[in-house]
1. Being closer than 25 Å to R140 by Cα and at pLDDT below 85 is the requirement here; does G381 meet it?
2. Got at least one residue in region 189-202 being under 27 Å from V388 (Cα atoms), of a type outside the set (A, V, I, L, M) and surrounded by fewer than 20 Cβ atoms within 10 Å (Cβ to Cβ)?
3. Restricting to region 137-152, and then to whatever is over 13 Å from I112 (Cα atoms) and in contact (Cβ under 8 Å) with a residue 60 or more places away in the chain, can you tell me which residue is farthest from the chain's Cα centre (by Cα)?
4. I'd like to verify a number: residues in region 153-164 that are in contact (Cβ under 8 Å) with a residue 12 or more places away in the chain and surrounded by fewer than 24 Cβ atoms within 10 Å (Cβ to Cβ), how many?
5. Just to be sure before I move on: is N168 out of contact with any Cys (no Cβ under 9 Å at 6 or more places or on another chain) and outside any loop (DSSP other than H, G, I, E, B) in the structure I sent?
6. Have a look at G448, G412, G452 and point out the one that is crowded, with 17+ Cβ neighbours inside 10 Å and either assigned to a loop (DSSP other than H, G, I, E, B) or touching a helix residue (DSSP H, G or I) at 6+ places or on another chain (Cβ under 9 Å) (or both).
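The values are calculated or read from the model by the stated rules, or taken from the named source; none is laboratory data. Small disclaimer: the values here were computed from a predicted structure and weren't measured. Glycine gets a Cβ as well: all are built from the backbone with ideal geometry, and neighbour counts include every protein chain shown.
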Amino acid sequence: MAILSARRRSAAISVAAVAGLAAAGVGLAVGGASAGTVSGSLYRDPSSAVVRWVAANPGDSRAAVIRDKIASQPQARWYANFNPSTIQSEVSAFIGAANSAQQIPVLSVYEITNRDCGGASAGGAPDLNQYQTWVSNFARGLGNQTVLIILETDSLALQTCLSTSELNARNQALTTATQTIKSGNPNAKVYLDGGHSTWNSANDTANRLRAAGVQYADGFFTNVSNFNPTSSEANFGRAVISALNGMGISGKRQVIDTSRNGGAAGDWCADDNTDRRIGQYPTTNTGDANIDAYLWVKPPGEADGCRYTAGSFQPDLAFSLANGAPNPPTTAPPTTNPPTTAPPTTAPPTTAPPTTAPPTTPPPAGNGCSASVAINQWNGGFTASVNVTAGSASINGWTVTVALPGGAAITGTWNAQASGTSGTVRFTNVGYNGQVGAGQTTNFGFQGTGTGQGSTATCAA
């Protein structure tokens, strides 16, 4: 049922820096050649809650099953504490460990303002300006190798608590967050919230993804952390991709959370259901061109917030999910056969979707800056992403002047302060993005009505 009580609730985990435990005698799932855009093995976090529990409870009768079938597997690490002063170093340490292991880490960002609409996992950044500061610091720790980013579970599928202005602001914040992460690490794969197959329709989901800037992301995630079968989620994903293609947004992929979808459906809360099992083991080897990975985003054994505190690790839940489940593969898992018929597609637009054009001249020398603007246009409106690049010396404060086409009007701005709404509009930095290092880039954006295509931008420092 696509009703609120049937949705998943996802919770943050708190990860301490403790010694890791190797899962004795168990082969990790290994990613191989992939039909999606990601290949390679996924990173197993040696300090996850389940690994710590196994290490601390070797004599527990449940420990061997939990160790072999859950603790042995790569799972997402959640970042859900509002800690702008330490988040960069925390992320950098995690990424460094994964890079040293030559494996792909999965990071779940769960920090959006008013997350979970005040439910069991309520919290997040105090406001969206502070959210952007947190995301900017997060992005600085991502390194330059492949990482998978699950960006803000429930942020698009669950919007019932937001006013129109709050929804617009959230969409702008997610667009900016995606661009900020991509700027911090061009090899980051960013996926936005696609809900799941028994919640919103595929067309509705596609419209929400477009409004939140999926054109700048790599795709979307589903089933975090519901219990719908993988086949149902894959069919839903193909329908969403087809709808996005019809909007001129092509090349997007899906990732599916399979951490708890190996058993019965029914009541949404796993805390109260002992009939569920872990699903497909995590892998990038999906055998499906539309699916980049099967992931364990919601760590098995962590509560939903019904009988237990949301996010807390509960060994009885982990044992219930693992007991009777198949053993993990010791080699690359078998691929999923692709559909026997090609997924529905829509002819691409006759013109390529807008891209960010590089500056026509090199960045200025000395204490100067340059600006480039990219427009995402739809019927009646547009969003603009503006890159501000410092020259050969760092700058402390910038002003960007944007010349808008006739009839265009700005309705909202993020990461900058605007003077004016039409014609020639001046944008100045806000407190946290005025300082830009030599050759470095920062970003701001705005949304408007009318036609934004043809806008030009100049910068002064």
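1. In short, no.
2. The answer is no, given that none of the residues of region 189-202 is under 27 Å from V388 (Cα atoms), of a type outside the set (A, V, I, L, M) and surrounded by fewer than 20 Cβ atoms within 10 Å (Cβ to Cβ).
3. So, considering only residues that are over 13 Å from I112 (Cα atoms) and in contact (Cβ under 8 Å) with a residue 60 or more places away in the chain, the one farthest from the chain's Cα centre (by Cα) is T146.
4. Kept after step one, since they are in contact (Cβ under 8 Å) with a residue 12 or more places away in the chain, are these residues of region 153-164: 153-162.
Filter again for surrounded by fewer than 24 Cβ atoms within 10 Å (Cβ to Cβ), leaving 154, 157-162.
So the answer is 7.
5. Yes.
6. Answer to the check: G452.
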